[in-house]
Each structure stands twice: as C-alpha cells, then as structure tokens.
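Structure, as structure tokens:
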C-alpha cells in the first residue's frame, strides 16, 4: 500500500472523505517524508509544522461536521513570495529575511478558508528572478531525480517538493516560465493560468504585467482541483478578470478526437537536446493516435520574444523593487547618519547579484534617452507577439511545444553566464508576454531525466488545455514515475 505522502491530491481527497485516514494523519505523514529527504532536496525556506497540525485538526472537525470541500485537509506548499499572515515571506532574499506579513494573499486566503493545510513556504530564485533555483539567498534547491542538478526556477521549491512527495500540491508563480519549466525538469504537472484568472493580491511583485500564480501537482487532475480553489475575481487586484469560475475538473473528459493542434516550428530551437526533441515528438504522435489532428504552424515573432521579455521584465522589476529602501520594511542598514548612504548600502547588502543585474538593466531601459529605443519598442513587439498567437488560434485549438529545450542541468553549470541561463526560458516566456494559459506535463525521459511537453491555448482556455493534458496523461505512464530518493 502507498504511503500517505505518495498520494495525489484527488487520492488524498477520496481517502479523507472515506475516513480511511484523518487530515492530521496526512499532515504528519508529509512532515515525516520532509524529515526523510528535505536535508538533501532543500525545497522549503520555512516549515510550519505546529501551525499545520492545528489546521489539520480544524479540517478534521470540519469533515466530521460535513463541512469539507475539495481542499479541506490537503497539505500544501506555498511559494515564498505569496504572503501568509504571521508566517515569514522572504522571497528567498536577505532583503526580506525577517519580513512577516500581516495579511494573507488572496490565493492563500481562499485555500485557508477551504481548510487546506500549510506545510511551509517553498524555496525559489530570489524575488523569482532565475531559472534554476540557485539564486536563493539561503541555499539552492536540488532536483529529486539527480541531487547534483537544478530543479528549474524560479518555483524550484514547488516542483521539487511535489516530485519528492514533500507536498501533495504546491502553489508557484510564473513570470516567464517559472511554474512550467521547473515542472518539466522535475517531472510533474504545472499550470500557468491566463493573466487575470487568479488574483495577484498578496503576491510580492517581480514584473506586474507578467506575473501569474498557478498550481504544481502530481498530475493534471490535481492542477484542475487546485485551480478551482484559487481562481476567481478579486476586487483588490485591478487586473483580475470578473468572470464566473469554471469547474475545471468537470472538463476532464479525456476525449480529444477532432481537436486541432498546431506545432510551431520556432519552438524546436537550435541547440535543443535530441532526447527532448524525441520525447516531445513521440508525445505529439500519441496525441494524433488519440484522435487529434496535427499541423505545422508559424509564430515568426518568437525570435524577438527573449529580447522583448528581458526589457519589459527588468523594467517592471526596477520599478517594483524601488520600494526596498531600508525605510518602510525589510532589511535596513542603519550604521550611518546619512540617508542616501543608508539606502545605497541597504540595497547593496540586501539584494543578490541576479536581482541587482535586473534592476540595473531595467533602470537603463527606462532612463531618459533610452525609453523609446528599449521599453517602448519592447511593448510594440509585445503587441506583435500577441497578434501572432491570435492569428494562429484562428486555425488551431492549442499549440504543442517542448517546455524546456534541455533537461535539468548540473548545479553551477550556467551561473557564470547569465545569457545561457536566460535562454533556458525561450519556450515559455512568449506565453507570459501574451498573457496566455499554458501547461507542462511529463512526456518522457532523456538521459534518465524528465522531459515536459507544453500545451498553449488562447485566453481563458484552461479547461481545454487541462483536457488535452488529461487525455495524454491517461494514455501514458510518465506522470506515475517518481524519483528514487
């Protein structure tokens, strides 16, 4: 019989509802698993065991009284840039090392109200800036499939925790691929919803026009259940879409006969590892076997997406991170009577090298004399990228691409070359630029390491993407593979 910590969200839900075990049993099992492997994986910044067991006891009372819902008693890891009232939220940065929010982000408030159990806060690249989870100010997270390799980033803690069975499900955030890319590298499922589908209130901002919160799960059904729990309009987020919430689990039919899938040639980039290409091409053939029609398509502005992203994201980052001045909250250098020296030293000591690099890039792009040449031009290119996607979605229902051009690479392999690190997100960041939904699901292995297939859809097509992913998942066994920790 499977250990409780090995259960998927929907299996845990069935067991809790049947009374096979309690929420306290499930939470304790997860902490037992964390005790076994966390010293090697390092997926957490903060563990909240006492708090979690209190929540689990409350969940058991709710279940006994017939007040339970889909997330009641489910142990969750939350990325450490999502505010949690009374629990440290550090963004894996020295700048916020001792920051304790006095309110909950909307996504956690919704989960908490539904009786979810918070195991702890997930490690990440500092302020979500990175593709490997090596930019954490505290320690890198390790890939459960090979502890000498990266888990991907910036939601590396979320993907590693789910892959290592240290959490039943996790919440991450995705600014340029930060849910999908680590999900791919760790062999789990990850969903980036349409921009505005999930509230950003209480998400500590990196790039506000690109950030989106989403779930990381052991399978597609888990992602659908979690999305049900966190999606919906929030008046405290000015970009939140005022739309009714679909039951995303109801759309999991597994029937994709007649679905039209586009294969954009620009996503099969030069330098893609042969094993990744082979696994994704095999997955595409499987989708054809399931009754979908497949056709080549072109998104010609894709080649400009990387440059566009690395102007827009750092520009918004430089504006958002200006609030960390040593005065209002966070780290503050005070060993000087001079205000300007205090602010300068606070930022020197509080931010890590990647964050400083992006702040400087953004400040330069927004500076007088360069704004039109860089930021304005990037926004114009963004419009062209959106138009490219809109045109393609007139003829196909969804796109199928690799999630990452490579499998998990060794720790330290790319830290000396920021450009090589940035290229890792070449298949994921165009989706954030256009505000579209996309999902990564496991589709095979290359050199013994997981490969992810990315599904991209038009705005608000999460239900369709989940169904395509579910159909593929039901026809294959890749999602059942677990690392041998």
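The values are calculated or read from the model by the stated rules, or taken from the named source; none is laboratory data. It should be emphasised that the depicted structure is a prediction, and the values quoted were computed from it without experimental measurement. Methodologically, a virtual Cβ is constructed for each residue, glycine included, from the backbone with ideal geometry; neighbour enumeration extends over all protein chains shown.
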Could you go through the range 386-393 and let me know if any residue there is touching a strand residue (DSSP E or B) at 6+ places or on another chain (Cβ under 6 Å) and either modelled with pLDDT of 95 or more or within 24 Å of residue 417 (Cβ to Cβ) (or both). yes
Pick from the range 424-457 the residues that are out of contact with any strand residue (DSSP E or B) (no Cβ under 8 Å at 6 or more places or on another chain) and in a loop (DSSP other than H, G, I, E, B): which of them is nearest to residue 241 (Cα to Cα)? 435
Exactly one of 94, 110 is under 25 Å from residue 26 (Cα atoms), surrounded by fewer than 24 Cβ atoms within 10 Å (Cβ to Cβ) and in contact (Cβ under 8 Å) with a residue 60 or more places away in the chain, and that residue is 110
Listed by first then second residue, the pairs whose first member lies in the range 411-424 and is on the phi < 0 side of the Ramachandran plot and surrounded by fewer than 17 Cβ atoms within 10 Å (Cβ to Cβ), whose partner is at pLDDT below 85 and in a loop (DSSP other than H, G, I, E, B), with beta carbons under 6 Å and at least 6 positions apart or on separate chains, are none
Within the range 219-228, is there a residue that is modelled with pLDDT of 95 or more and in a loop (DSSP other than H, G, I, E, B)? yes
Can you tell me which residue among 246, 253, 302 is outside any strand (DSSP E or B), in contact (Cβ under 8 Å) with a residue 40 or more places away in the chain, in contact with a helix residue (DSSP H, G or I) (Cβ under 7 Å, 6 or more places away or on another chain) and closer than 19 Å to residue 395 by Cβ? 302
A careful count of residues in the range 472-485 that are more than 17 Å from residue 263 (Cβ to Cβ) and either free of Cβ contacts under 8 Å to residues at least 40 places away in the same chain or not in a loop (DSSP other than H, G, I, E, B) (or both) gives 8
Looking at the range 128-161, which of its residues are closer than 24 Å to residue 426 by Cβ and not in a loop (DSSP other than H, G, I, E, B)? 128, 143, 146, 149, 156, 157, 158, 159, 160
Out of 19, 35, 15, sole residue that is surrounded by fewer than 20 Cβ atoms within 10 Å (Cβ to Cβ), without any contact (Cβ under 8 Å) to a residue 60 or more places away in the chain and at positive phi: 19
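So that you can scan it fast, the table gives a plain yes or no per residue for (1) within 12 Å of residue 118 (Cβ to Cβ); (2) surrounded by fewer than 16 Cβ atoms within 10 Å (Cβ to Cβ); (3) over 19 Å from the mean Cα position of the chain (by Cα); (4) in contact (Cβ under 8 Å) with a residue 60 or more places away in the chain:
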position	(1), (2), (3), (4)
28	no, no, yes, no
40	no, yes, yes, yes
47	yes, no, yes, yes
52	yes, no, yes, yes
65	no, yes, yes, no
76	yes, no, no, yes
Taking the range 86-110 only, how many residues are under 14 Å from residue 201 (Cβ atoms) and under 21 Å from the mean Cα position of the chain (by Cα)? 8
Within the range 341-363, can you find the residues that are touching a helix residue (DSSP H, G or I) at 6+ places or on another chain (Cβ under 6 Å), crowded, with 18+ Cβ neighbours inside 10 Å and in a helix (DSSP H, G or I)? 350, 355, 358, 359, 361, 362
One residue from 369, 275, 271 being touching a residue at least 24 places away in the same chain (Cβ under 8 Å) and out of contact with any strand residue (DSSP E or B) (no Cβ under 6 Å at 6 or more places or on another chain): 271
As an exercise: evaluate residue 260 against (1) within 30 Å of residue 168 (Cα to Cα); (2) touching a residue at least 60 places away in the same chain (Cβ under 8 Å); (3) surrounded by fewer than 19 Cβ atoms within 10 Å (Cβ to Cβ); (4) more than 20 Å from the chain's Cα centre (by Cα) and give the number of the one condition it does not meet. (1)
Within the range 310-340, track down each residue that is over 28 Å from residue 432 (Cβ atoms) and surrounded by 18 or more Cβ atoms within 10 Å (Cβ to Cβ). 326, 331
Among the residues in the range 332-340, are any more than 30 Å from residue 221 (Cα to Cα) and either in contact with a strand residue (DSSP E or B) (Cβ under 6 Å, 6 or more places away or on another chain) or outside any loop (DSSP other than H, G, I, E, B) (or both)? yes
In the range 364-379, anything part of a helix (DSSP H, G or I), out of contact with any helix residue (DSSP H, G or I) (no Cβ under 9 Å at 6 or more places or on another chain) and more than 14 Å from residue 316 (Cα to Cα) is listed as 372
